[in-house]
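Participant: Quick one: the structure is below, and I'll ask about it shortly.
Read-outs: derived from the displayed coordinates by stated rules, not from any lab. Quantities reported herein were computed from a predicted structural model and do not represent experimental measurements. Because the Cβ atoms are built from the backbone with ideal geometry, glycine has one as well, and the counts that use them run over all protein chains shown.
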Amino acid sequence: MTQEQDIQKSVHKGTTTVGIVCKDGLVLAADKRASAGYLIANKKMDKIHKISDKAVVTMAGLVSDAQLIVKLARAEIELKKIRTEHDPSTKEIANLLGNILYQNIRKMSMVPGIVGFLLGGVDKKGFHLYEIDIDGSITPSDDYVSNGSGSILAYGVFEALYNQNITIKEGIELAKKAIGAAMQRDMPTGDGLDIFIVTEKGIQKAAGYKVEQVLK
């Protein structure tokens, strides 16, 4: 085993995150498990983070890179608010994260910085949901999106059950079903989930759910 392979097996990664556009806001959810190779390294990982009063991100990939990028984004957002005297739009925040990831993935490193985000926010133009991929690409979504190792399973649930008139309350239940499906088939996904909602009032944590609640 090479040194790089040994490092890759020791880092924390793996997840399923989802974002759902509802008629009255957004729902973002993520599981709680972090894995290191075949080892479950952490069962209480927070994978959803507020980066401003009106924007929240889910993270998938290498935990160390994701946590650092979240800290950098928060600092840059606060600096922009001070300089411009107004909150940056969700699109501006998406561009900021995209630029950071673009530079991050192209740096020479023993451990490539593989991180993806889902960004949900509200601004003067309404609600916005973006996928920011590991290469820095930015993709807006007007219905639903998923990221991480269990995303293909979550998409199957969305394709079958999503509709454009879904409410936040219904979106929470759909997020539980989508991540629940990933928990049953994707080893790095598990140990409950966190759910955040985005409304005109800002960001609010909906609840923390245990695995047993999700799989019923």
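Participant: 7 Å from Cα along Cα→Cβ at both residue 85 and residue 71: what's the point-to-point distance in nm?
Facilitator: Result for the modelled spin labels: 3.2 nm.
Participant: Of the listed pairs 32/125; 177/201; 23/124; 47/71; 91/124, which have alpha-carbon separations greater than 20 Å here? Spell out each step's value before the answer.
Facilitator: Numbers: 32/125 32 Å; 177/201 26 Å; 23/124 16 Å; 47/71 13 Å; 91/124 11 Å.
The answer is 32/125; 177/201.
Participant: Return the whole-Å distance between the Cα centroid of the stretch 64-107 and the Cα centroid of the stretch 124-189.
Facilitator: First find each Cα centre; the distance between them is then 22 Å.
Participant: Something else now. Can you sort 183, 59 so the residue with the fewest Cβ neighbours within 10 Å comes first? Provide the component values of the computation, followed by the final result.
Facilitator: Working: 183 22, 59 25.
Least to most surrounded, the residues fall as 183, 59.
Participant: Counting other beta carbons within 10 Å of each Cβ, put 17, 90 in order, fewest first.
Facilitator: On the way: 17 32, 90 25.
Starting with the residue having the fewest Cβ neighbours, the order is 90, 17.
Participant: Rounded, prolate or oblate, given the Cα gyration tensor of the stretch 3-215, with a/c below 1.5 counting as rounded?
Facilitator: Working: a/c = 1.82, a/b = 1.05, b/c = 1.74.
It is oblate, given that a/c is not under 1.5 and a/b is not larger than b/c.
Participant: Something else about it: Ranking 26, 79 by Cβ neighbours within 10 Å, fewest first, what do you get? Show your work: numbers first, answer last.
Facilitator: Details: 26 25, 79 10.
Going from least to most buried by this count: 79, 26.
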